[in-house]
Amino acid sequence: MHLEGIPIIAPAKRLLRLPGWLRLLLPVVALFVILPLTTTGCSPELLLDPELTKNVRLELLDWHVSGLWVINSPVCWFRVYNYNNVPITDITIDYQTFDFDGKPLDKGTYTLLDAGEPSVVHANSPKNCVEQYIGIVSLESDKLSCTLKGVRGK
């Protein structure tokens, strides 16, 4: 059925009449504006407090690699000592794995969790953080180094 006055195929109308070089530049400019906004959003790392971090000590008590030789993750047991007069949360660590000979393998950052939520350590007290699956690492990982990156006040 054909309706009179309504074309079946109509060319698209150009809404913007831009020169060719500007049409090519527009997506690049949009990428450089949108990408930093989406990748630097509300990361907990931006909120870490260096003054509180000075009064926190982290110990790696035990760890082992868990996985099926495909997806391998270090499972760690940490003890966090909070010497501040306020509770802390968002306890963030940097980790690095090494092979048997000491060759660096993997690096990453991890925030300690309790039941899926960031761990909280009360003022002037220690806390054990067990069963922390800190990331995916190589099967050859034999050594693990962890350092405290920072914390945030609760």
>> Can you compute the modelled spin-label distance between Lys103 and Leu47, with each label point 7 Å from Cα toward Cβ, in nm?
In response: 4.1 nm
> For the stretch 46-153, what is the relative contact order in percent, using Cα pairs closer than 8 Å and at least 6 residues apart in sequence?
Replying inline: 38 percent
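How large is Rg/Rh for the stretch 46-153, to two decimals, with Cα atoms and a Kirkwood Rh?
That ratio is 1.00, to two decimals.
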>> If a paramagnetic tag sat 7 Å from the Cα of Val130 along the Cα-Cβ line, which residues of the stretch 76-93 would have the backbone N under 19 Å from that point?
In response: 76-81
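Every number in this text was worked out from the coordinates using simple rules, so none of it is lab data. Note that this is a predicted model, so its numbers are computed, not measured. When we count neighbours, we look across all protein chains shown, and the Cβ atoms used for this are built from the backbone with ideal geometry, even at glycine.
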